[in-house]
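For reference, the structure discussed in these notes is given below.
The values are calculated or read from the model by the stated rules, or taken from the named source; none is laboratory data. Values in this document were obtained by computation on a predicted structure and should not be read as measured data. Cβ: placed from backbone, ideal geometry, glycine included. Neighbour counts: every protein chain shown. SASA here: full protein model, heavy atoms, side chains in, ligands and nucleic acids out. Shrake-Rupley method; radii C 1.70, N 1.55, O 1.52, S 1.80 Å.
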Amino acid sequence: MSEAKLIDGKLIAQALRQEIAGEVQRFRQAHARAPALHVVLVGDDAASAVYVRNKEKAVVEAGMIGAVHRLPASTTAAALHQLVRELNEDPAVDGILVQLPLPAHIPVDPILESVDPAKDVDGFHPVNVGKLWSGKAALVPCTPRGCLHLLRTAEVPLEGSRALVIGRSNIVGKPMAALLLGANATVSIGHSRSRDLPARCREADVLIVAAGQRQMVEGSWIKPGATVIDVGMHRGPDGKLCGDVDLASARKVAAAITPVPGGVGPMTIAMLLDNTLKAALARTARS
Ligand code: GUN
């Protein structure tokens with residue numbers, strides 16, 4: 001049997017970023033300003049610092065304004081709320097992203113709920129979550145949007161298909177399920193308490209794995225001919241990056257699969273750019 005086709009997220013993200021850069025140019029000409037994303041980074045989590053730098057770089061490359069507010073780990077919840085309020089009220093700010101995780105002494109939900117839903121490029125505000133689940137236009141979390149874009153670009157049939165999302169986080173699993181439902185798939189959500197997850201996987205035409213467990217899904221779990229999207233990102237014992245899916249065994253069974261690295265990862269940033277542009281366009285249309 002031939003090996004599964006690799007869905008090249010790097011290439012697909014590149015094409016999308018180019019398209020967005022073109023739209024940003026048109027926005028700048030029409031409105032005499034550039035869309036602006038403000039990222040808030042609290043504390044000194046090393047991984048977060050890298051993510052934020054990459055986001056800032058991509059935003060600038062797309063022709064938008066990128067600002068990063070770096071605050072010390074000792075920042076109080078009140079000070080963070082004050083900054084979010086200022087960004088909410090600043091008409092020059094289109095997108096606000098509070099990088100997670102926050103230091104343990106700052107409750108996360110009140111911060112996410114304090115972001116103006118119109119500027120919530122993460123799509124984490126309950127107003128945007130509610131809109132997504134009721135099928136209304138919303139800012140949608142970047143990683144699941146990126147997964148859907150990969151499925152669409154690879155021309156994977158979703159309507160009427162059996163889709164299984166493994167993982168029920170607010171950032172990936174739940175919004176992913178909502179998007180697949182919106183695409184008329186028959187959607188299930190599997191998680192750590194699910195009984196007989198391998199059997200549920202073997203029923204899935206489309207399998208999205210966001211479990212956070214290194215190489216948890218093996219080829220024997222996959223339905224022959226299925227499409228597999230791997231959201232995981234781990235460093236293996238050999239020092240190499242790998243995902244939630246064992247790529248080598250999965251490739252022998254699936255029809256198409258995203259590699260790690262170079263699959264979902266590059267899509268997240270591309271979708272953040274798109275959400276920022278979307279927010280800027282919507283805010284401009286409203287004012
Ligand atoms: N930390 C890890 N992923 C994300 C994300 O998508 N958004 C934010 N704000 N923080 C994160």
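General remarks:
- Residue count, segment 1-47 (criterion: basic (Lys, Arg) and within 30 Å of ALA256 (Cβ to Cβ)): 3
- Only one entry in VAL108, VAL52, VAL60, VAL93 is open to solvent by 20 Å² or more (accessible area, probe 1.4 Å), free of Cβ contacts under 8 Å to residues at least 60 places away in the same chain and closer than 30 Å to GLN29 by Cβ, namely VAL60.
- Residue within segment 264-272 that is in contact with a strand residue (DSSP E or B) (Cβ under 9 Å, 6 or more places away or on another chain) and either open to solvent by 60 Å² or more (accessible area, probe 1.4 Å) or away from the ligand (no atom under 16 Å from the Cβ) (or both) present: no
- Of all residues in segment 208-219, those that are open to solvent by less than 10 Å² (accessible area, probe 1.4 Å) and over 13 Å from ASP246 (Cβ atoms) total 1.
- Members of segment 213-236 that are over 19 Å from ARG145 (Cβ atoms) and in a strand (DSSP E or B): VAL217, HIS234, ARG235
- Count - residues of segment 132-146 that are in contact with a Leu (Cβ under 8 Å, 6 or more places away or on another chain) and within 15 Å of the ligand (Cβ to nearest atom): 5
- All positions within segment 130-156 that are at pLDDT 95 or above, in contact with a helix residue (DSSP H, G or I) (Cβ under 9 Å, 6 or more places away or on another chain) and open to solvent by 60 Å² or more (accessible area, probe 1.4 Å): LYS131, TRP133, GLY135, LYS136, THR153
- Exclusive hit being touching an Asp or Glu at 6+ places or on another chain (Cβ under 9 Å) and at pLDDT 95 or above, set PRO107, PRO72, PRO117: PRO72
- Within segment 158-185, the residues that satisfy the criterion of being more than 16 Å from the ligand (Cβ to nearest atom), in contact with a helix residue (DSSP H, G or I) (Cβ under 9 Å, 6 or more places away or on another chain) and open to solvent by 40 Å² or more (accessible area, probe 1.4 Å) are LEU181, GLY182.
- Residue within segment 243-256 that is of a type outside the set (Gly, Ala, Ser), on the phi < 0 side of the Ramachandran plot, in a helix (DSSP H, G or I) and away from the ligand (no atom under 16 Å from the Cβ) present: yes
- Flag if ALA199 is open to solvent by less than 10 Å² (accessible area, probe 1.4 Å) and farther than 26 Å from VAL98 by Cβ: no
Rundown of residues vs (1) in contact with a Cys (Cβ under 9 Å, 6 or more places away or on another chain); (2) farther than 19 Å from LEU272 by Cα; (3) within 12 Å of the ligand (Cβ to nearest atom), yes/no style:
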residue: ALA21; (1), (2), (3): no, no, no
residue: LEU41; (1), (2), (3): no, no, yes
residue: GLY63; (1), (2), (3): no, no, no
residue: VAL68; (1), (2), (3): no, no, no
residue: ARG85; (1), (2), (3): no, yes, no
residue: PRO101; (1), (2), (3): no, no, yes
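- Subset of segment 1-44 (residues that are open to solvent by 90 Å² or more (accessible area, probe 1.4 Å) and not polar (S, T, N, Q)): MET1, GLU3, LYS5, LYS10, LEU11, GLU19, ARG26, ARG28, ALA32, ASP44
- Counting only residues that are farther than 28 Å from VAL24 by Cα and out of contact with any Asp or Glu (no Cβ under 6 Å at 6 or more places or on another chain), segment 238-287 holds 15 of them.
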